[in-house]
Amino acid sequence: MRTALTLGTCLLLFALFGDEHGVRAIFQARRETRVLSAQIAMLRAENASMRRRADALRGDPATIEEAARETLGLAKQGEIVVIPHRRDGGVRPLGR
């Protein structure tokens, strides 16, 4: 009886801690799940922000104008464009 109890205890301990399906593996999987869930939430928020920006670029004239000015360096007729120079003599890229 004592041998059977010892063997059963060993098998139980091995099942809990000894293989890749044990308690440690379960806790590790839960930690990874929390990290991945946080990453998914962050990416969903970023995706929503990008979707709003894309929608604004499709139909909001003020957003389109802002993007054209920043990205392409465009100006309205009659405006004077000032391009700042860097200390090393180079020119700063537009939109930065």
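Considering only residues in the stretch 61-80 that are surrounded by 10 or more Cβ atoms within 10 Å (Cβ to Cβ) and not in a helix (DSSP H, G or I), the one that is modelled with the lowest pLDDT turns out to be Gly73. Considering only the stretch 24-60, state which residues are over 26 Å from the mean Cα position of the chain (by Cα) and loosely packed, with under 11 Cβ neighbours inside 10 Å. The answer is Gly59, and nothing else. Beta carbons closer than 7 Å, at least 6 apart along the sequence or on distinct chains, pair a first residue in the stretch 49-62 that is closer than 23 Å to Lys76 by Cα with a second that is of a type in the set (A, V, I, L, M) and in a helix (DSSP H, G or I) for Leu57/Ile64; Leu57/Ala67.
Within the stretch 46-58, is even one residue of a type in the set (A, V, I, L, M), part of a helix (DSSP H, G or I) and over 30 Å from Val81 (Cβ atoms)? Yes - at least one qualifying residue is present in the stretch 46-58.
The values are calculated or read from the model by the stated rules, or taken from the named source; none is laboratory data. Predicted model, so just to flag it, every value in this text is computed and none were measured. Cβ coordinates were reconstructed from backbone atoms using ideal geometry, including for glycine residues, and neighbour counts include every protein chain displayed.
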